[in-house]
1. For the structure I just gave you, tell me whether Gly56 is at pLDDT 95 or above, more than 20 Å from Leu147 (Cβ to Cβ) and either charged (D, E, K, R) or not assigned by TED's automatic domain parsing to the domain that holds Met121 (or both).
2. Evaluate the stretch 59-66: report whether one residue or more is touching a Leu at 6+ places or on another chain (Cβ under 7 Å) and at pLDDT 95 or above.
3. Can we say Glu138 is within 16 Å of Gln44 (Cα to Cα), more than 17 Å from the chain's Cα centre (by Cα) and assigned to a helix (DSSP H, G or I)?
4. Can you tell me which of Ser108, Ser67, Ser41, Ser79 is polar (S, T, N, Q), free of Cβ contacts under 8 Å to residues at least 12 places away in the same chain, surrounded by 11 or more Cβ atoms within 10 Å (Cβ to Cβ) and over 24 Å from Leu143 (Cα atoms)?
5. Consider the stretch 24-60. How many of its residues are charged (D, E, K, R) and under 13 Å from the mean Cα position of the chain (by Cα)?
6. Quick one: is Leu93 within 15 Å of Arg114 (Cβ to Cβ), crowded, with 19+ Cβ neighbours inside 10 Å and touching a residue at least 60 places away in the same chain (Cβ under 8 Å)?
7. Between a residue in the stretch 140-154 that is free of Cβ contacts under 8 Å to residues at least 24 places away in the same chain and any residue that is surrounded by 10 or more Cβ atoms within 10 Å (Cβ to Cβ) and not charged (D, E, K, R), which pairs come within a Cβ distance under 7 Å, given they are 6 or more apart or on different chains?
8. Confirm whether Val94 is in contact with a helix residue (DSSP H, G or I) (Cβ under 9 Å, 6 or more places away or on another chain), closer than 15 Å to Ala40 by Cα and of a type in the set (Val, Ile, Thr).
Amino acid sequence: MPSSVHASPEQVISLEMLESVEQQLTQLLVSNAHAKRRLASQLQENLPPAAVPVLGMALREDQISQSEIGELLMVDKASLSRLVTRLEDAGLLVRTLDPHDRRVSRISATEQARKRWGEIMDEQRTLWISKMRGWPNEDLRRLVALLGRLNEDLRQG
């Protein structure tokens, strides 16, 4: 196994550093999975964690099409339809037909979803504040910048 990886002609990343990055990202993904499970159960008993990002998309963009959600979240049509149905049954989403194209389903969060999501996010923000209370603002700015850079690089493939 090589001891380094060439990231670019001018930069060599040690295998040890790459493994450390992978380990931290894996832990972040695991923590995210736990958070989605917890959030799903707070929203509705037995709601699957995969429904959380679907609801999140509907909360951010009212009247988003079901196909847009599927593309953005990389969820197949059948799985997404089941998740939307679960969220509808829970009273968290409303699905309507697009008046200009009846083949398109538009998704909107209900007032109940907005209220519950807001309450849960307030609790989550309190938790984040308690975890990062001792962090200097410069560290937080740097974290935001680095995560933004990583997200942009990942989006570009």
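The values are calculated or read from the model by the stated rules, or taken from the named source; none is laboratory data. Small disclaimer: the values here were computed from a predicted structure and weren't measured. Cβ sites come from the backbone with ideal geometry, for glycine too, and all protein chains shown count toward neighbours.
1. When the stated conditions are applied, Gly56 does not pass them.
2. no
3. Taking the combined requirement at face value, the residue does not satisfy it.
4. Ser41
5. Number of matching residues: 3.
6. The answer is no for Leu93.
7. So the pair list comes out as Leu140/Met132.
8. Spelling it out, it is not the case that Val94 is in contact with a helix residue (DSSP H, G or I) (Cβ under 9 Å, 6 or more places away or on another chain), closer than 15 Å to Ala40 by Cα and of a type in the set (Val, Ile, Thr).
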